[in-house]
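> The structure follows.
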Amino acid sequence: MSAFIKRVSRFENRMDALMERFIFHHKLLGLLLIFIGMPFITLAAVCVCTMLIVLPIALLFG
């Protein structure tokens, strides 16, 4: 479990550094990504997870 937590932590740190570098180089695209892209991705993830839960139930009950 400790190795998995370390791996996730390293991945998070790398992604944070990549996003920071991208935003420093592309300020307008970075703002669009943060304020439009991230909420859209979050909403899409919630929608997909909800469909994955509800679809089998809907098929089961007709």
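> Which of the peptides 27-37, 1-11 is most tightly packed, and how do the rest follow, judged by the mean count of other Cβ atoms within 10 Å per residue? Please report the intermediate quantities before stating the final value.
Values: 27-37: 12.0, 1-11: 8.6.
Those peptides, ordered most packed to least, come out 27-37, 1-11.
> Considering only Phe11, Ile23, Leu43, whose Cα is most displaced toward the positive end of the charge dipole of the chain, charges sitting on Cβ of Lys, Arg (+1) and Asp, Glu (-1)?
So the residue we want is Phe11.
> Please give the contour-minus-distance gain from His25 to Ala58: 0.36 nm per residue of separation, less the Cα-Cα distance, rounded to one decimal in nm. All intermediate terms of the calculation are to be shown ahead of the outcome.
Working: separation 33, 0.36 × 33 = 11.88 nm, distance 4.70 nm.
Full-extension gain reported as 7.2 nm.
> Counting helices only, and only those DSSP H runs with n ≥ 4, report the 222 nm mean residue ellipticity of the chain as the sum of -39,500 (n - 2.57) divided by its residues, in deg cm²/dmol to the nearest 500.
Details: 3 runs with 54 residues, N = 62.
So the helix-based figure for the chain works out to -29500 deg cm²/dmol.
> Quantify, in whole percent, the carbon and sulfur part of the accessible surface of the chain (1.4 Å probe; protein heavy atoms only). Provide the component values of the computation, followed by the final result.
Details: 4590 of 5880 Å².
Whole-percent figure for carbon plus sulfur exposure: 78.
> So how strong a dipole does the range 1-58 carry about its Cα centre when Lys and Arg Cβ are +1 and Asp and Glu Cβ are -1, to the nearest 20 debye? Numbers along the way, then the final one.
On the way: 6 positive and 3 negative charges, 46 e Å.
About 220 debye.
The values are calculated or read from the model by the stated rules, or taken from the named source; none is laboratory data. Computed from a prediction, not measured in an experiment: that's the story for all the values here. No Cβ is skipped: glycine too gets one built from the backbone with ideal geometry, and neighbour counts run over all protein chains shown. When the accessible area is computed, the model is the full protein with side chains, heavy atoms only, and any ligands, DNA or RNA have been set aside. Shrake-Rupley method; radii C 1.70, N 1.55, O 1.52, S 1.80 Å.
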